[in-house]
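The values are calculated or read from the model by the stated rules, or taken from the named source; none is laboratory data. Please read these numbers as outputs of a predicted model, since none were measured by experiment. All Cβ positions, glycine included, derive from the backbone under ideal geometry; neighbour counts span all protein chains shown. Quick note on the areas: whole protein, heavy atoms, side chains included, nothing else; ligands and nucleic acids left out. Shrake-Rupley method; radii C 1.70, N 1.55, O 1.52, S 1.80 Å.
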Amino acid sequence: MGTKPINNNATFFFLVVLLSYASLGLSLQQTTIDDLQYYKRLLLTAVVGPESLAFDRDGGGPYTGASDGRIIKWHGMDRGWADFAVPSWNRDQECNGGHYLLTEKICGRPLGLQFYGATGELFVADSTFGLLRIDREGGLATIIANEAEGVPFHFTNGLDVDQENGMVYFTDSSTTFFRR
């Protein structure tokens, strides 16, 4: 999946990338975001609901999931945001500019993102499709699991990868209710 620039619409999201508190010598209890001296705002347009951020093993990104199912990557101030991956091959016109509240079952909804440094793969907790894996090059996600012991996941949400052994931990926020 090649990089496709994101178009500019009126929806804005400012992503604040902060340097670590330790390197700044700041205390989290004493400092608000207004007090930080070192940060960069990344304008995110034409995307609603970025939920999680991840950086690849080479420091590229950040990557984030959007409410229309896409996972997008920041390519720097000159290139901006571009498509990186999608959770479903079934991406019709509804996924491209459709009303995301009505199309999540078709388009997906990536909520948790984390890379496994040893392989460069991106793992995704998608509320619609379950636990996904995406190759380093991006493109179409592979479903790893969408149920456990015969019980379907209803709202796959948060995710982390143990960088020592590759074990993936994730949450399913409901055993009763689907996200939509």
Seminar exercise, completed: Counting only residues that are small (Gly, Ala, Ser), at pLDDT below 95 and touching a Phe, Trp or Tyr at 6+ places or on another chain (Cβ under 9 Å), region 146-169 contains a total of 1
Seminar exercise, completed: For region 150-176, pairs from a residue that is of a type in the set (D, E, K, R) to a residue that is part of a loop (DSSP other than H, G, I, E, B), with Cβ under 8 Å and 6 or more apart or across chains, are Asp172/Phe153; Asp172/His154; Asp172/Phe155
Exercise. Is at least one residue of region 64-71 charged (D, E, K, R), out of contact with any Ser or Thr (no Cβ under 6 Å at 6 or more places or on another chain) and within 15 Å of Leu132 (Cα to Cα)?
Worked result: yes
Exercise. If you scan region 56-84, which residues turn out to be out of contact with any Pro (no Cβ under 6 Å at 6 or more places or on another chain) and closer than 16 Å to Tyr116 by Cα?
Worked result: Asp56, Arg57, Asp58, Gly59, Gly60, Gly61, Pro62, Tyr63
Exercise. Is it the case that Glu104 is touching a Gly at 6+ places or on another chain (Cβ under 9 Å) and either of a type outside the set (Gly, Ala, Ser) or farther than 24 Å from Leu43 by Cα (or both)?
Worked result: yes
For this session: Search region 146-167 for residues being charged (D, E, K, R) and not in a loop (DSSP other than H, G, I, E, B), and hand back the single one that is nearest to the chain's Cα centre (by Cα).
Result: Asp160
Exercise. How about region 30-145: which strands (runs of 3 or more DSSP E) wholly inside it have at least 2 residues that are at pLDDT 85 or above and open to solvent by 40 Å² or more (accessible area, probe 1.4 Å)?
Worked result: 142-145
